[in-house]
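Student: What follows is a structure written as structure tokens; I'll ask about it next.
The values are calculated or read from the model by the stated rules, or taken from the named source; none is laboratory data. Only a predicted model underlies this, so the values are computations on that prediction, with no experimental measurement involved. Note that we place each Cβ from the backbone using ideal geometry, even for glycine, and neighbour counts take in every protein chain shown.
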Amino acid sequence: MAPVGWINDPNGFVYFQGEYHLFYQHYPYDSQWGPMHWGHAKSKDLIHWQELPVALAPDQVYDKDGCFSGSAIEKDGLLYLFYTGHVVEKGVTYQTQCLAISTDGIHFEKSANNPVIDAQNLGDKGDIHDFRDPKVIQHDEAYYMVVATKTASDEGRILMYRSADLLTWDFYSILLQGNKDQGIMWECPDLFHLDGQDVLILSPIQIKQAGLEYQNISSTMACLGQMNWQTGELKVETFHEMDFGFDFYAPQTTLDAKNRRVMIAWMQMWDRNMPTHELGHHWAGSMTLPRELHVREGRLIQKPVSDYYRELEYLYGFENISVEAKPVTFHKLIKDNTYLHLVVDLSQTASFEIHFAKSKNEGIIYSYDATTSEFSLSREKSGYQITGKEAQPLNKRRVKVPLIDNQLVLEVFRDTSSVEVFINGLATMTSTFYEIEKGEDISFVASEKAVIGSFEVGRVKISD
Ligand code: DQQ
């Protein structure tokens, strides 16, 4: 969370001089979106973060209405930030790509040559009014920038630029283009090689719902395939939604010194009411836990970074709990920083429910339907009402996840107003919820009989 004010997309996530740096879209003066700055925090271990001064403010002609999302890369000991200069003239937006450089990773100087990519380098390849979120990567001897834009008929498009020195950039290719069903604009692209696949992640606006996927107004999509670096095109073999909760957008990754592909996303959604703003708490928005990515069976999977487990204190452990139609309840177990690990045998039941952070009238409900293999999350009774622009009611999300030897394996990380759930190591559900009544109980119910083989409860020490 930002110390104060509004935050959205993670930006410039990078491992630089032995520390992780995370920048983020930030409006320091209100808990609503406003002219974007880059907030900044750094960490040695991805767990303990130190707040740093704002890195970029909208103070130039070419970025006067916002320093929009972008990325960071190191070259010869210097840290280069690439971001979008956002300008509004007579109600019309213009977006260009800009550069700022730092020697210490704290103070940044904007390039005298900004913007480094403008309408001239864009030509007819995209739309200057929607042209943003540069992510710069290195491949062989060259640097490549992927940037989001759209076609004249509102299809998302990712462009690629190339540079030898990070200072001057030439148009290289159209990396990928969406179709009519895949959103009216794509945002925040990120391209990397992982486990033998080339992976492009992007955040489409208003992508059409497909089964259980893309239920939120803005979604995140992972495209897996093979890059042709000669033509600069990605041949997509498969794609899917990245997270199945209510609040996950604009993820960005970095490669760290342990060669891990680590990702952080904004843990909110556009076009929703923000309870912390409405309640006058002077902040809005947060980031997910850092997660390590891998490719497994054609899907991009996520797990919490292993660093987290060092900070976990295990408090209770239970084994072989039989659960039937009468709820089994543990009182006063769920706190603001609770971690749960559950292994449940569902071979003898059609459905199983967990009532999480339960009070008299409120709680989150997780359930698994063994007949459809669907895991679901309901925040219908979760307290403060959250509404958005989605066509579907905003109270339930589902994802298909097969059991492992008839077992459901869940890891749950709760923070004060969020829950991140990892389901059988295959899918995640990330959601905010804002209690009105404090709910500290947890109940389990099965339609027939479920056996909780192991139930571990811990807490993350650092949030004390
Ligand atoms: N947020 C930024 C844009 C980006 C969008 C503006 C995605 O650069 O496209 O705050 O959430």
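Student: Considering only segment 142-195, give the strands (runs of 3 or more DSSP E) lying wholly within it that have at least 3 residues that are β-branched (Val, Ile, Thr) and within 14 Å of the ligand (Cβ to nearest atom). Walk me through how you get there before you give the answer.
Tutor: Details: elements: 142-150, 156-163, 170-177, 185-194.
Once the strands (runs of 3 or more DSSP E) in segment 142-195 are filtered for at least 3 residues that are β-branched (Val, Ile, Thr) and within 14 Å of the ligand (Cβ to nearest atom), what remains is 142-150.
Student: Hey, another quick one. Quickly run through segment 147-166 and pick out the residues that are among the hydroxyl-bearing types (Ser, Thr, Tyr) and within 22 Å of the chain's Cα centre (by Cα). Please lay out each step first, then the result.
Tutor: Within segment 147-166, the first condition is being among the hydroxyl-bearing types (Ser, Thr, Tyr), and the residues that meet it are 149, 151, 153, 161, 163.
Within segment 147-166, Thr149 is the sole residue that qualifies.
Student: Also, quick follow-up: What number goes with the only condition from (1) within 27 Å of the chain's Cα centre (by Cα); (2) within 13 Å of the ligand (Cβ to nearest atom) that Val88 does not pass?
Tutor: (1)
Student: Across segment 235-248, what is the total count of residues that are touching a residue at least 40 places away in the same chain (Cβ under 8 Å) and surrounded by fewer than 24 Cβ atoms within 10 Å (Cβ to Cβ)?
Tutor: Taking segment 235-248 first, the residues touching a residue at least 40 places away in the same chain (Cβ under 8 Å) are 236-238, 240, 242-248.
Filter once more, so that each one left must be surrounded by fewer than 24 Cβ atoms within 10 Å (Cβ to Cβ): 236-238, 240.
Going through segment 235-248 one residue at a time, the tally reaches 4.
Student: Here's a follow-up. So Phe13 fits all but one of (1) in contact (Cβ under 8 Å) with a residue 40 or more places away in the chain; (2) closer than 24 Å to Met160 by Cβ; (3) within 13 Å of the ligand (Cβ to nearest atom); what number is the exception?
Tutor: Among (1) in contact (Cβ under 8 Å) with a residue 40 or more places away in the chain; (2) closer than 24 Å to Met160 by Cβ; (3) within 13 Å of the ligand (Cβ to nearest atom), the lone unmet condition for Phe13 is (3).
Student: If you don't mind, there's one more thing I want to ask. Just to be sure before I move on: is Leu22 within 25 Å of Met269 (Cβ to Cβ), among the hydrophobic types (A, V, I, L, M, F, W, C) and within 16 Å of the ligand (Cβ to nearest atom) in the structure I sent?
Tutor: yes
Student: If you take just the strands (runs of 3 or more DSSP E) that sit entirely in segment 303-398, which of them hold at least 2 residues that are of a type outside the set (A, V, I, L, M, F, W, C), more than 17 Å from Ser418 (Cβ to Cβ) and at pLDDT 95 or above? Quick ask: steps written out before the conclusion?
Tutor: Numbers: elements: 312-323, 328-330, 338-345, 351-358, 364-369, 374-378.
Output list reads 312-323, 338-345, 351-358, 364-369, 374-378.
Student: Determine which member of the set Lys461, Lys438 is of a type outside the set (Phe, Trp, Tyr) and more than 24 Å from Lys381 (Cα to Cα).
Tutor: Values: Lys438 fails: more than 24 Å from Lys381 (Cα to Cα).
Selected residue: Lys461, the only one of Lys461, Lys438 that is of a type outside the set (Phe, Trp, Tyr) and more than 24 Å from Lys381 (Cα to Cα).
Student: A further question follows. Ala257 versus (1) away from the ligand (no atom under 15 Å from the Cβ); (2) surrounded by 21 or more Cβ atoms within 10 Å (Cβ to Cβ); (3) hydrophobic (A, V, I, L, M, F, W, C): which is the lone unmet condition?
Tutor: (2)
Student: Here's a check for you: in segment 44-69, which residue that is of a type in the set (Val, Ile, Thr) and more than 16 Å from the ligand (Cβ to nearest atom) is nearest to Met1 (Cα to Cα)?
Tutor: Taking segment 44-69 first, the residues of a type in the set (Val, Ile, Thr) are 47, 54, 61.
Retained after the next criterion (residues that are more than 16 Å from the ligand (Cβ to nearest atom)): 47, 61.
Numbers: Ile47: 13, Val61: 30 Å.
Within segment 44-69, the match that is nearest to Met1 (Cα to Cα) is Ile47.
Student: Just to be sure I understand the filter: pairs with C-beta atoms under 6 Å, separated by 6 or more residues or on different chains, first member in segment 295-320 and over 30 Å from His331 (Cβ atoms) and touching a residue at least 40 places away in the same chain (Cβ under 8 Å), second member surrounded by 18 or more Cβ atoms within 10 Å (Cβ to Cβ) and among the basic types (Lys, Arg). Which pairs pass?
Tutor: So the pair list comes out as Gln302/Arg291.
Student: Now, a different point. Only one residue in Ser378, Ser359, Ser447, Ser367 is in contact with a Leu (Cβ under 9 Å, 6 or more places away or on another chain), of a type in the set (Ser, Thr, Tyr) and surrounded by fewer than 21 Cβ atoms within 10 Å (Cβ to Cβ), so which one is that?
Tutor: On the way: Ser378 fails: in contact with a Leu (Cβ under 9 Å, 6 or more places away or on another chain); Ser359 fails: in contact with a Leu (Cβ under 9 Å, 6 or more places away or on another chain); Ser447 fails: in contact with a Leu (Cβ under 9 Å, 6 or more places away or on another chain).
On inspection, the qualifying residue turns out to be Ser367.
Student: Collect the residues in segment 392-408 that are under 22 Å from the mean Cα position of the chain (by Cα) and touching a residue at least 60 places away in the same chain (Cβ under 8 Å), keeping them in residue-number order.
Tutor: Gln392, Leu394, Arg397, Arg398, Val399, Lys400
Student: Please find, within segment 214-229, the residue that is nearest to the ligand (Cβ to nearest atom) out of those that are within 15 Å of the chain's Cα centre (by Cα) and small (Gly, Ala, Ser).
Tutor: Residues of segment 214-229 within 15 Å of the chain's Cα centre (by Cα): 214, 216-222.
Of the ones still in play, those that are also small (Gly, Ala, Ser) are 218-219, 222.
Working: Ser218: 7, Ser219: 12, Ala222: 17 Å.
Taking the candidates together, the pick is Ser218.
Student: Given the options Pro251, Pro204, name the one that is within 16 Å of the ligand (Cβ to nearest atom), under 23 Å from Phe433 (Cα atoms) and crowded, with 16+ Cβ neighbours inside 10 Å. Break it down into steps so the answer makes sense when it comes.
Tutor: Values: Pro204 fails: under 23 Å from Phe433 (Cα atoms).
Pro251 is the lone residue from the list that is within 16 Å of the ligand (Cβ to nearest atom), under 23 Å from Phe433 (Cα atoms) and crowded, with 16+ Cβ neighbours inside 10 Å.
Student: Let me ask something else about it. Quick one: is Tyr80 among the hydroxyl-bearing types (Ser, Thr, Tyr), closer than 26 Å to Val116 by Cα, crowded, with 16+ Cβ neighbours inside 10 Å and away from the ligand (no atom under 14 Å from the Cβ)? Working first, answer last.
Tutor: Details: among the hydroxyl-bearing types (Ser, Thr, Tyr): yes; closer than 26 Å to Val116 by Cα: yes; crowded, with 16+ Cβ neighbours inside 10 Å: yes; away from the ligand (no atom under 14 Å from the Cβ): yes.
For Tyr80, the condition - among the hydroxyl-bearing types (Ser, Thr, Tyr), closer than 26 Å to Val116 by Cα, crowded, with 16+ Cβ neighbours inside 10 Å and away from the ligand (no atom under 14 Å from the Cβ) - is met.
Student: Also: Tell me, please, whether a residue that is of a type in the set (S, T, N, Q), farther than 30 Å from Ala164 by Cβ and surrounded by fewer than 23 Cβ atoms within 10 Å (Cβ to Cβ) can be found in segment 36-46.
Tutor: Going through segment 36-46, the residues of a type in the set (S, T, N, Q) turn out to be 43.
Then drop every residue that is not farther than 30 Å from Ala164 by Cβ, which leaves 43.
With surrounded by fewer than 23 Cβ atoms within 10 Å (Cβ to Cβ) added as a condition, the list becomes 43.
Yes, the conditions are met somewhere in segment 36-46.
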